[in-house]
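Contents: one structure, followed by commentary.
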C-alpha cells in the first residue's frame, strides 16, 4: 500500500482517522493496518414473550457462535434508531383485513414520530504479523507455489469463518445476512456522517476513507460533525455482576440486550 509518511506527519482530517482502505471481496474491506472487515445485518427474535427455556437456548446458541473467535478477532455490535418515514402499503384479499390495516394506518399517522431499529454486527480480523509468517516459512517446508500466498490464505479463512458464523446465527435470526458492497459502504457512511443516503460502490473501490467522508469534524470542548454536535458518555465503572429480576431463573438482561427485536 502507498506510504503516506513522506507527505504528512500528523492526521489533519477525519479521513486520516478512518481505518477503511478498499474493497477486496464482496462486502469485505481491507483496512489500513492490514485487517479484514465484514458487516452483517440482523434482527433478533422476540425475547419479551419467550419462556425461560427459550431464553436459555438462545443464550447457549449465541455463546456457541461467539466463543469460536480467539485472538486477532474483534466483534462490533451497533444499533441504529431510524425515523420511520411512512406506513407500508399492502394488498389484502378481504375487506375485513383491509379495514383493520387502515385503522392501524390512521393510528400511526396521528401519533408522534415513529422509529425503527437496525442492527449490525461487524467482524474484524487482524492476521498474524509478517514476521510470524516468515518464521513459519523457515521452520515449515511448504509445497511449490505456496510461498507469498499468506495474504490470500488469511482472506479465505476470514471469509470462511464469518460465513460459518452467519450460518450459525441464521438458526436464531433468520433475517441475518451479509451486506453487499453498496450496503457495506452505506452502513459505514452512516457511522461518520449526519447525512443519510445510499452509497454506491465506485468503479475502483479504493481510498474509501476519502470517498465516504462528506462532513467536517471539528474538535475542541464542543466537537461537531457537520451540523451535528457530538456528545461523549464516559463509563466510570462496571458492576461485578448484572442485576437480575426478582426471579433468579431469568437470564441477565445485559446478555440479551443486543438480540432484542
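Per the listing 189, 154, the residue uniquely surrounded by 13 or more Cβ atoms within 10 Å (Cβ to Cβ), touching a helix residue (DSSP H, G or I) at 6+ places or on another chain (Cβ under 8 Å) and at pLDDT below 95 is 189. Being part of a helix (DSSP H, G or I), at pLDDT 75 or above and at negative phi: is that true of residue 96 here? When the stated conditions are applied, residue 96 passes them. The single condition among (1) in a helix (DSSP H, G or I); (2) touching a strand residue (DSSP E or B) at 6+ places or on another chain (Cβ under 8 Å) that residue 117 does not satisfy is (1).
Take the conditions (1) free of Cβ contacts under 8 Å to residues at least 40 places away in the same chain; (2) within 24 Å of residue 214 (Cα to Cα); residue 22 misses just one of them, which is (1).
Do the conditions hold for residue 85, that is, is it within 24 Å of residue 196 (Cβ to Cβ) and not in a strand (DSSP E or B)? It is true that residue 85 is within 24 Å of residue 196 (Cβ to Cβ) and not in a strand (DSSP E or B). All conditions but one from (1) surrounded by fewer than 13 Cβ atoms within 10 Å (Cβ to Cβ); (2) touching a residue at least 12 places away in the same chain (Cβ under 8 Å); (3) under 25 Å from residue 152 (Cβ atoms) apply to residue 109; the one that does not is (3).
Specify which of the listed residues (48, 53) is exposed (fewer than 14 other Cβ atoms within 10 Å of the Cβ) and at pLDDT 85 or above. Just one listed residue meets the conditions, 53.
Here's the yes/no breakdown for (1) modelled with pLDDT of 90 or more; (2) more than 22 Å from residue 163 (Cα to Cα):
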residue	(1), (2)
174	no, no
185	yes, no
199	yes, yes
221	no, yes
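Of the residues screened, residue 141 is not one that is over 30 Å from residue 89 (Cβ atoms) and at pLDDT 85 or above.
Of the residues that sit in the stretch 165-186 and are free of Cβ contacts under 8 Å to residues at least 40 places away in the same chain and surrounded by fewer than 17 Cβ atoms within 10 Å (Cβ to Cβ), which one is farthest from residue 85 (Cα to Cα)? The selected residue is 167.
The values are calculated or read from the model by the stated rules, or taken from the named source; none is laboratory data. In this text, all values refer to a predicted model and were calculated from it rather than measured experimentally. Cβ coordinates were reconstructed from backbone atoms using ideal geometry, including for glycine residues, and neighbour counts include every protein chain displayed.
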